[in-house]
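Chemist: The structure's right below; bear with me while I get my questions together.
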Amino acid sequence: MQVERIYTNANVVLADEVIRGTVVVKDGVFKEVSEGISSLPNAQDLDGSYLMPGFVELHTDNLERFMNPRPGVEWPSVSAALAHDAQLISSGITTVFDALSIGDVDPKQKRLKQLPHMIKAIELAAADDVLRTEHFLHLRCEVSHDQTLNMFNQLVVEHPALRLVSVMDHTPGQRQFVKYEKYREYYQGKYHLSDQEMEDFIARQEVNGQKYSDSFRKEIVAICHDKKIAIASHDDATLEHVEESASLGMRIAEFPTTEVAAVRSHELGLKVLMGAPNIVRGGSHSGNIAAADLARKNVLGILSSDYYPSSLLRAVKELATMEDGYELAQAVATVTLNPAQTVNLTDRGQIKEGLRADMIDVKEVGDQFVINKVWRQGKRVF
């Protein structure tokens with residue numbers, strides 16, 4: 001049993017408002033949340049800091065970066081997982097869905113071979129109780145790859161931490177890469193291909209997309225519904241894409257590439273997820289829609305750090321201060337309440353009596369938000 005702890009004189013960010021108040025934590029949950037400042041001698045004065053719920057990250061491939069810190073360098077998997085976890089918790093992320101890829105447009109890529117090692121590393125570290133963030137599994141399924149369905153069938157049985165699946169199709173000429181020149185620019189640079197090699201690559205991907213994408217998408221979705229696993233679409237670009245995603249029962253629209261797709265996703269009840277780096281940088285690195293524009297239309301539902309964990313807090317600040325943006329509570333909800341509820345984690349995501357005491361102490365320094373402390377289930381972890 002934990003000692004009761006009182007945190008007072010904080011700007012407490014609730015689901016729909018910010019109050020100057022006091023939070024009482026006991027046994028890993030919020031026991032009391034109230035306005036006003038406590039005068040009890042054991043109350044910890046937070047001196048006007050913002051007290052926010054711990055962040056819930058649904059899509060980050062950050063672990064892959066620690067597994068391969070340099071081209072040609074493979075790092076020991078458990079060590080990589082611990083370093084990844086340390087960066088997450090220092091960024092205020094108390095719940096993470098590690099986004100790991102099944103299938104790849106290039107079968108020679110290391111990520112397919114490393115997939116079981118990354119999953120095992122997280123499992124071992126969790127079993128040894130050395131992780132500070134709670135880790136779940138998000139499988140990113142490339143439906144144009146011939147081995148995707150076989151790999152998915154194996155992993156969905158073996159890993160109870162699997163809570164989210166996204167269905168991707170990187171066939172050239174659609175979704176993220178509607179424009180062939182953008183597809184060429186991205187993959188030719190990524191894989192260092194000659195012009196002829198790039199043309200052969202495009203032709204091969206088009207054949208694979210026609211052969212596998214539709215059937216694999218439908219089979220994976222059916223399995224997820226049977227297992228009650230949340231499903232996300234990925235890079236929807238057209239109304240037809242969105243209508244298909246909605247008809248398949250998807251809950252999240254990850255990174256829609258056009259405004260029309262994002263707006264329609266929102267209208268059909270899918271939570272629109274965009275990258276926090278998109279907010280911070282002022283636009284998409286691949287030339288697609290700006291997340292800030294979607295916020296101004298009030299259709300942005302969830303932010304993901306994607307490839308840069310600390311971008312979540314910076315993006316929250318940007319959303320809350322930009323013209324025609326979100327109020328602070330609404331901005332914070334994009335990284336807490338909204339993602340938690342969308343994947344059925346109803347025990348967290350807001351500072352509310354009875355919920356898990358995952359929270360972060362955030363100070364405002366100049367025009368920056370800075371994380372000062374992090375608690376998970378009432379225990380200080382940073």
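Chemist: For the condition modelled with pLDDT of 95 or more, under 28 Å from the mean Cα position of the chain (by Cα), surrounded by fewer than 23 Cβ atoms within 10 Å (Cβ to Cβ) and under 26 Å from Tyr307 (Cβ atoms), what is the one hit in Val78, Val56?
Modeler: Just a single option satisfies the conditions, and that option is Val78.
Chemist: Determine the pairs where a residue that is under 14 Å from Ala43 (Cβ atoms) and not assigned by the TED database to the domain that holds Asp47, located within the range 4-32, has a partner that is assigned to a strand (DSSP E or B) and among the aliphatic types (A, V, I, L, M) with Cβ atoms under 7 Å apart, the partner being 6 or more residues away or on another chain.
Modeler: none
Chemist: So, in the range 1-29, of the ones that are over 23 Å from Val370 (Cα atoms) and not aliphatic (A, V, I, L, M), which residue ends up nearest to the chain's Cα centre (by Cα)?
Modeler: Gly28
Chemist: OK, next. Which of the residues belonging to the range 269-319 are within 17 Å of the chain's Cα centre (by Cα) and among the acidic types (Asp, Glu)?
Modeler: Asp306
Chemist: Taking strands (runs of 3 or more DSSP E) that do not extend beyond the range 10-98, which have at least 1 residues that are more than 12 Å from Met359 (Cα to Cα)? Quick ask: steps written out before the conclusion?
Modeler: Details: elements: 18-26, 29-35, 43-45, 50-53, 55-60.
Output list reads 18-26, 29-35, 43-45, 55-60.
Chemist: Still on this structure, please answer the following. So, of the residues in the range 228-247 that are over 14 Å from Ala261 (Cα atoms) and among the β-branched types (Val, Ile, Thr), which turns out to be farthest from the chain's Cα centre (by Cα)?
Modeler: The selected residue is Ile229.
Chemist: Here is a follow-up. Checking Glu364 against (1) in contact with a Gly (Cβ under 9 Å, 6 or more places away or on another chain); (2) at pLDDT below 95; (3) of a type in the set (Asp, Glu): exactly one of these is not met. Which one?
Modeler: (2)
Chemist: Kindly list the number of the only condition in (1) surrounded by 20 or more Cβ atoms within 10 Å (Cβ to Cβ); (2) farther than 30 Å from Gly301 by Cα; (3) modelled with pLDDT of 95 or more that fails for Gln44.
Modeler: Here Gln44 clears every test but (1).
Chemist: Let me ask you something else. Can you name the residue in the range 248-285 that is among the small types (Gly, Ala, Ser) and surrounded by fewer than 17 Cβ atoms within 10 Å (Cβ to Cβ) and, of all such residues, is farthest from Arg140 (Cα to Cα)?
Modeler: Looking only at the range 248-285, we keep the residues that are among the small types (Gly, Ala, Ser), and these are 249, 253, 261-262, 265, 269, 275-276, 282-284.
Subset that is surrounded by fewer than 17 Cβ atoms within 10 Å (Cβ to Cβ): 249, 269, 282-283.
Values: Gly249: 17, Gly269: 21, Gly282: 26, Gly283: 23 Å.
Selected residue: Gly282.
Chemist: For the range 329-355, which residues satisfy the criterion of being without any contact (Cβ under 8 Å) to a residue 60 or more places away in the chain, among the β-branched types (Val, Ile, Thr) and farther than 17 Å from Ala230 by Cα?
Modeler: As a first pass, look at the range 329-355 and keep what is without any contact (Cβ under 8 Å) to a residue 60 or more places away in the chain: 331, 334, 341, 346-347.
Next, from what is left, pick out any that are among the β-branched types (Val, Ile, Thr): 334, 346.
Once the filter is applied, which keeps residues that are without any contact (Cβ under 8 Å) to a residue 60 or more places away in the chain, among the β-branched types (Val, Ile, Thr) and farther than 17 Å from Ala230 by Cα, the range 329-355 yields only Thr334.
Chemist: Looking at the range 295-316, which of its residues are in a helix (DSSP H, G or I) and farther than 17 Å from Val374 by Cβ?
Modeler: At the first step, the residues of the range 295-316 found to be in a helix (DSSP H, G or I) are 295-296, 311-316.
If the condition is that a residue be in a helix (DSSP H, G or I) and farther than 17 Å from Val374 by Cβ, then Ala295, Arg296, Ala315 are the ones that fit.
Chemist: Now for a separate question. Taking the condition of being part of a helix (DSSP H, G or I) and more than 18 Å from Ala292 (Cα to Cα), how many residues in the range 237-259 meet it? Explain how you work it out, then say what you get.
Modeler: Filtering the range 237-259 for residues part of a helix (DSSP H, G or I) gives 239-247, 259.
In the following step, the residues that additionally are more than 18 Å from Ala292 (Cα to Cα) were identified as 239-247.
Number of matching residues: 9.
The values are calculated or read from the model by the stated rules, or taken from the named source; none is laboratory data. Please read these numbers as outputs of a predicted model, since none were measured by experiment. Counting neighbours? That spans all protein chains shown, and the Cβs are built from the backbone with ideal geometry, glycine included.
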